[in-house]
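None of the figures in this text is laboratory data; all of them are computed from the coordinates on show. Since the structure is predicted, the reported quantities are computational estimates derived from the model, not experimental observations. Neighbour counts are summed over all protein chains in view; Cβ atoms, including those assigned to glycine, are modelled from backbone coordinates with ideal geometry.
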Amino acid sequence: MQPAPYGYTATGRIRQKSLKNSIPSESSVAGENQYSKFRNTRTKFLNCPACNKDFSHRPDSYRAVWQHLLHFATVAKEPKHQEARETLKDIRDRKLSEELKKAREKWSAAKWRARNPEKSQRASVKSATKLKIERYLRWLGSGEFSEELLNKILEEKMAKWDAMD
Ligand SMILES: [Zn+2]
């Protein structure tokens, strides 16, 4: 694939003009957009984002690109590679913290369910029942639906469910 001479626009199109003339505050955002395509998948990381050197032949091109960036940013102190590495690190770290947060939430929800099997079952029955009642009321016609009526029927249904034990 031919490298885009001036990178990519926020929408992923090839930029037609150099960003040199834009104001500094814009260029940092543009820089992030230029690298944001690396946010989602490891396999896309085949070329150096700064100099476009090809690493696709390497068994782990993702790692090879990071090592290359590290070398040129810290040993060679090349500004373009320094900028690329900082931006990509920001993107990667933000993604990691998002994933960690999601995993923690999932884990604590699973833990809660394991500790509270009855409450958990009741909660899922309740939300499924609520959905059914809501669909039914909306099916009857818009005049029939109200949050109050929905909750009233829901409470009745759940009282029956509780009495079944
Ligand atoms: Zn490079």
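Starting from 0 in steps of 5 Å, tell me what percent of the Cα-Cα pairs of the range 55-165 lands in each bin. Values per bin, smallest distances first: 2, 10, 11, 10, 9, 8, 7, 7, 6, 6, 7, 8, 7, 3, 1. The HN-Hα couplings worked out from phi for the range 56-73 by the Karplus form 6.51 cos²θ - 1.76 cosθ + 1.60 (θ = phi - 60°) are 5, 7, 7, x, 10, 5, 4, 5, 4, 5, 4, 5, 4, 4, 4, 4, 6, 7 Hz, whole numbers, x standing for Gly and Pro. For trypsin sites (Lys or Arg not before Pro), the sites in the range 62-137 that DSSP calls loop and that have at most 13 other Cβ atoms within 10 Å are K77. Loop-located chymotrypsin sites (Phe, Trp or Tyr not before Pro) in the range 85-164 (DSSP state other than H, G, I, E, B) with a sparse environment of at most 12 neighbouring Cβ atoms within 10 Å are absent. Annotation: amide H of N47 within the under-5 Å range of F55, sequence separation 5 or more or interchain, hydrogens built in the peptide plane. For the range 74-82, putting each phi into the Karplus relation 6.51 cos²θ - 1.76 cosθ + 1.60 with θ = phi - 60° gives couplings of 9, 7, 7, 6, 8, x, 4, 6, 4 Hz, in residue order, rounded to whole numbers and with x for Gly and Pro.
As a quick test, which of the pairs K102/K157; K77/K106; K102/K160; K53/K89 have an alpha carbon distance above 30 angstrom in this structure? Too far apart for the 30 Å limit: K102/K157; K77/K106; K102/K160.
The reciprocal of the average 1/r between distinct C-alpha atoms defines the Kirkwood hydrodynamic radius, which for the range 113-165 equals 11.9 Å.
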